[in-house]
DNA sequence: CCAAAAGTGTTTCACGTACACCCATGC
DNA sequence: GCATGGGTGTACGTGAAACACTTTTGG
């Protein structure tokens, strides 16, 4: 048992993990196998330990609950409604994360019966205030995508311009002009044209590109802004 | 005494309060009168209670330590380095706040020997990781100012266009063209021209404007973006 | 009348946007 | 040969940026 002079709330992290498939932006949810909200779907997350940062806790929980690792992770917001957890006072710091869907086969683990991807606009009723967290995360992702080239985190490392465009259309929820999109995205000069093309498609194969991560980091350190 | 099965860290809030005077962006600091860092300057802040949200805690602490109230407040980031507090594990959620300097006479109170405004680029050595928090806050303020009309929170409710321009120049740290600035800021159509002019100036008195808060809220709800 | 800041328009250039057709490939 | 998506250029309009002088007021 641990003793304190004043009462203390608990501190958790919750992760909104985004992935992209052919036609949807997806979010990773787990089905809880413990009270409260046993059997309900929820964002992966859990308690923060004393010897780890919030970021480390988020990564650890994701590994434990879903098997995910090595992913883009960014702090979103702290949620602190007094009654957001029925057990006791719990403040949660939410993160959002972008993963390449193909790379990761998620699997339920600790604290979870199951883990699965849901279209962000078609999720079941969620535990706690997780629906609110999800909404905030979607909005933030949209904002971020407009101003920084982070979309690549959602795509395989080699991708076609059409895949990239589809990504923007799905996240921003509007259609974009193909020629203008290609002009802008090539003009920012952060794509490397590979000498490979798509395989196994029933039509003309598209050229594959890679994101120039190094160049981007250099520009970013030099204080740059993008706005796709 | 309070007992828990697992050890718990403490949770605090810290506030970066910005104000603007003639020639500087200022930040409000308090001189601590308790260990740790007794006698050092720090951001105002303190422990979060179980029956209040983080936002409420931030407002309460600001009131207690500095006498400030009714101000623009926004969550910044959670800071969680394991050793950021020498006593024990403390995670802090930082906020930033904008106040109209003229309106507020700050006064030291609870936990503080003194409270004072410092130019953001000329602060003493700060307690904890507060210098890092301040840097993040400045950067965030800059970003926000570029995309949303929040600068008015730093000015008296009636202000001249030159004051507004000076605000942008000070925060963004670059000079702006007077005519282009006036065009842009008037074009967004959120300023109300009053029939008053500056008083007691040793030159031609400038017209005073007010920010059209109601109109702005309407546009914002309709999903709008600005970019000054 | 001088100092100090207020106020005001035009031109130029870059970039966003709208828009339609031919090409390569697999079946 | 046909279906499917890949790939390409131009014209137009809007908005950002550069730029300098006159006006008003107080001292």
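The values are calculated or read from the model by the stated rules, or taken from the named source; none is laboratory data. Note that the coordinates shown come from a computational prediction; the quantities given were computed from them, not determined experimentally. As a convention, Cβ positions derive from the backbone with ideal geometry for all residues, glycine included, and neighbour counts pool all protein chains shown.
Values as computed for the structure displayed
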read-out	value
Matching residues, the stretch B:122-137, being in contact with a strand residue (DSSP E or B) (Cβ under 8 Å, 6 or more places away or on another chain) and not in a strand (DSSP E or B)	B:123, B:124, B:125, B:127, B:128, B:129, B:130, B:132, B:133, B:134, B:136, B:137
So residue A:154, is it within 12 Å of DNA strand D (Cβ to nearest atom) and surrounded by 13 or more Cβ atoms within 10 Å (Cβ to Cβ)	no
Complete set of residues in the stretch A:169-188 that are in a helix (DSSP H, G or I) and either within 14 Å of DNA strand D (Cβ to nearest atom) or modelled with pLDDT under 95 (or both)	A:169, A:178, A:179, A:180, A:181, A:182, A:183, A:184, A:185, A:186, A:187
Selection from the stretch B:199-213 of residues that are within 12 Å of DNA strand C (Cβ to nearest atom) and under 28 Å from residue B:227 (Cα atoms)	B:206, B:207, B:208, B:209
In the stretch B:174-185, residue nearest to residue B:220 (Cα to Cα) [restricted to those that are in contact with a helix residue (DSSP H, G or I) (Cβ under 8 Å, 6 or more places away or on another chain), more than 8 Å from DNA strand C (Cβ to nearest atom) and touching a residue at least 12 places away in the same chain (Cβ under 8 Å)]	B:185
Condition broken by residue A:106, with the remaining ones in (1) part of a loop (DSSP other than H, G, I, E, B); (2) in contact with a strand residue (DSSP E or B) (Cβ under 8 Å, 6 or more places away or on another chain); (3) within 21 Å of residue A:48 (Cβ to Cβ) satisfied	(3)
Positions within the stretch A:202-228 being more than 20 Å from residue A:166 (Cβ to Cβ), within 15 Å of DNA strand D (Cβ to nearest atom) and in contact (Cβ under 8 Å) with a residue 40 or more places away in the chain, in sequence order	A:225
Criterion: farther than 30 Å from residue B:87 by Cα, within 13 Å of DNA strand D (Cβ to nearest atom) and not in a loop (DSSP other than H, G, I, E, B) - qualifying residue of B:199, B:143, B:165	B:165
Qualifying position, being at the interface with chain B (Cβ under 7 Å from one of its Cβ atoms), touching a residue at least 60 places away in the same chain (Cβ under 8 Å) and touching a helix residue (DSSP H, G or I) at 6+ places or on another chain (Cβ under 9 Å), among A:76, A:25, A:11, A:29	A:11
Failed criterion for residue B:70 (all others in (1) more than 9 Å from every other protein chain (Cβ to nearest Cβ); (2) farther than 17 Å from residue B:18 by Cα; (3) free of Cβ contacts under 8 Å to residues at least 12 places away in the same chain hold)	(2)
Criterion: assigned to a strand (DSSP E or B) and modelled with pLDDT of 95 or more - qualifying residue of A:51, A:14	A:14
Residue check, residue A:62 assigned to a helix (DSSP H, G or I), more than 12 Å from chain B (Cβ to nearest Cβ) and out of contact with any helix residue (DSSP H, G or I) (no Cβ under 8 Å at 6 or more places or on another chain)	yes
Residue A:88 being in contact with a strand residue (DSSP E or B) (Cβ under 7 Å, 6 or more places away or on another chain), assigned to a helix (DSSP H, G or I) and in contact (Cβ under 8 Å) with a residue 40 or more places away in the chain	no
